[in-house]
Amino acid sequence: MKNLLANDGWRGMHATRTTNGIVQSRSVAAILFAGAISIAIATWVCFRLGAGVAVVGFVYLIEVLLVSLMGSLVSSVAISVIAVGCLNFFFTQPLFTFRVDAQQDIVVLTAFFVTSFVVTFLVHRTRQLAAVHREQAQLLDLTHDSVVALDMNDVITYWNSGAEALYGWKKHEALGHVADRLLHTRFPAALEDIKKTLIETGRWEGEIVNTRRDGSEAAVASRWALVRDEQGRPIATLETGTDITERKRVEEALQQVSRLTSIGELGASVAHEIAQPLAAVATHGAACLRWIDRDVPDLEKVRASVQRILTDVQRATEIVRRVRMLAKRIAPEMTRLEINELISDVMVLLQREVLKHNVALRATLASKLPAVLGDRIQLAQVVTNLITNGIQAMSTIEDRPRELTIKSWRSDDGYVIVSVQDSGTGIDLRHADRLFEPFFTTKPEGMGVGLSICRSIIDAHGGRVWAENNPGYGATFQFTIPVIGDSGSGE
Ligand SMILES: Nc1ncnc2c1ncn2[C@@H]1O[C@H](COP(=O)(O)OP(=O)(O)OP(=O)(O)O)[C@@H](O)[C@H]1O
Ligand SMILES: [Mg+2]
């Protein structure tokens, strides 16, 4: 198949070349014909007018120039030769012969001959250089990188198709604009400093942020090179840019994930959470003392303050319990655990979220489920991610109950299975095979890491996680964890 395609391609190319050849020789003949006719007309007119050899030579030179500009070296050389012949035959003594007697005429003919060849070759050379430039520009269009040339006033003088694709402006729209004004470029340092580096070292590299035509931002790894003329004077800057928007997004998302789990972050939020009930305890305690210190202590007020103190202490204790749980996240450890207990813990933690979104959360947990070996915090994170996704998938549902059901049971082949079923939008089948890919999200505020984290955790536990749409509406996400053998292996 590949070879066939390759052969076809070759044949296609060969055919194109042959066709090009025919077209070219036809156009050479046409130019030659047109040139010869115009020489004949000019000769006739000049002869009738009795024009001098110098005037006729000048007229012929213009014709040679025109023929050269039409692009055929062969025809312009041929026209030069014909013109010299005509000049000699019709305009130098003796007329109507190819003999030249006067020395002056020999000089004129030689001058004409040399000039017409110089004109022909200069035009030909210029056209060749232009073709080379065009080819080079086409080569630059093959790269996916953006390639932009700027003059010393930062005006865009070249803009390849990579730049068109990256920024959205076509070449003719971008040329002539000042680059950083068109692209609203944000530089990592002051532009003057960057230019100083460029002038001193001839190059600069860095990450910049440009605004595309549609208003979105593109992070770009940009490499600048200074172009100098033969005297060493800077004449232009060549900027090559690689789109790193996606890479930046991934980096930022990863940073956010690791930030969430960093000890510093945990410490700060714990301090903040506990400071509140502690401050309340202090206030109520002080009030208590005031009521007791009265001549006639107001025991009712004391009792109310003590009650409030107890409530706040309870809150602080709950926070400490959660922190203990989270603290294990930092040093993951596999322990024997009851999956049902873990599910219940997560449900308590997500209670507020569930109420806020008007969701009916139910659990059908099999009794006497065997223990599994796992990292408590990581598995809690899996259940949390699945429940959160379920809640989010139902957030737009108004015409039916928002129901989230968590089930656990034991499979025949030695696994505990947990399923999280929602009555939400269901999985869009176009994305079904991408759900677990890192950073795949359909939510404007989503990071797209939830399910990929779930997968890596479950993989590390020797289980499997998958998703399917329900027969009616909504989706069900399930995962398995191997049960610990009766002997308690692994402990
Ligand atoms: N219960 C569900 N019903 C329908 N689609 C879902 C459900 N759960 C996940 N998805 C789809 O899978 C995508 C990826 O989910 P994932 O949890 O990994 O990322 P996210 O929820 O978009 O963002 P985040 O990383 O903040 O959790 C979601 O954007 C959504 O399109
Ligand atoms: Mg999610």
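The values are calculated or read from the model by the stated rules, or taken from the named source; none is laboratory data. Since this is a predicted model, take the numbers as computed values, not measurements. Note that we place each Cβ from the backbone using ideal geometry, even for glycine, and neighbour counts take in every protein chain shown. For the accessible areas, the whole protein counts, side chains as well, though only heavy atoms, and no ligand, DNA or RNA atoms are used. Shrake-Rupley method; radii C 1.70, N 1.55, O 1.52, S 1.80 Å.
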Subject >> Of residues in the range 474-491 being modelled with pLDDT under 95 and hydroxyl-bearing (Ser, Thr, Tyr), the one least open to solvent (accessible area, probe 1.4 Å) >> reply: Ser489
Subject >> Test result for Ile417, away from ligand 1 (no atom under 13 Å from the Cβ) and open to solvent by less than 40 Å² (accessible area, probe 1.4 Å) >> reply: yes
Original post:
So which residues in the range 460-482 are in a loop (DSSP other than H, G, I, E, B) and under 17 Å from Asn385 (Cα atoms)?
Top reply: His461, Gly463, Arg464, Gly474
Original post:
For Asp422, are the conditions met, namely being among the charged types (D, E, K, R), within 8 Å of ligand 1 (Cβ to nearest atom), buried (at least 17 other Cβ atoms within 10 Å of the Cβ) and at negative phi?
Top reply: yes
Original post:
Tell me, which residue of the range 349-401 that is more than 13 Å from ligand 2 (Cβ to nearest atom) and among the acidic types (Asp, Glu) is least open to solvent (accessible area, probe 1.4 Å)?
Top reply: Asp375
Subject >> Matching helices (runs of 4 or more DSSP H) fully within the range 109-215 where at least 3 residues are aliphatic (A, V, I, L, M) and without any contact (Cβ under 8 Å) to a residue 40 or more places away in the chain >> reply: 191-201
Subject >> Which listed residue is within 8 Å of ligand 1 (Cβ to nearest atom) and hydroxyl-bearing (Ser, Thr, Tyr), from Thr396, Thr384, Thr405, Thr388 >> reply: Thr388
**OP:** Can you tell me which residue among Gln104, Gln93 is open to solvent by 80 Å² or more (accessible area, probe 1.4 Å), in a helix (DSSP H, G or I) and at pLDDT below 85?
**Re:** Gln104
Original post:
For the subset of the range 450-468 comprising residues that are farther than 22 Å from Val354 by Cβ and within 10 Å of ligand 1 (Cβ to nearest atom), which member is surrounded by the most Cβ atoms within 10 Å (Cβ to Cβ)?
Top reply: Arg455
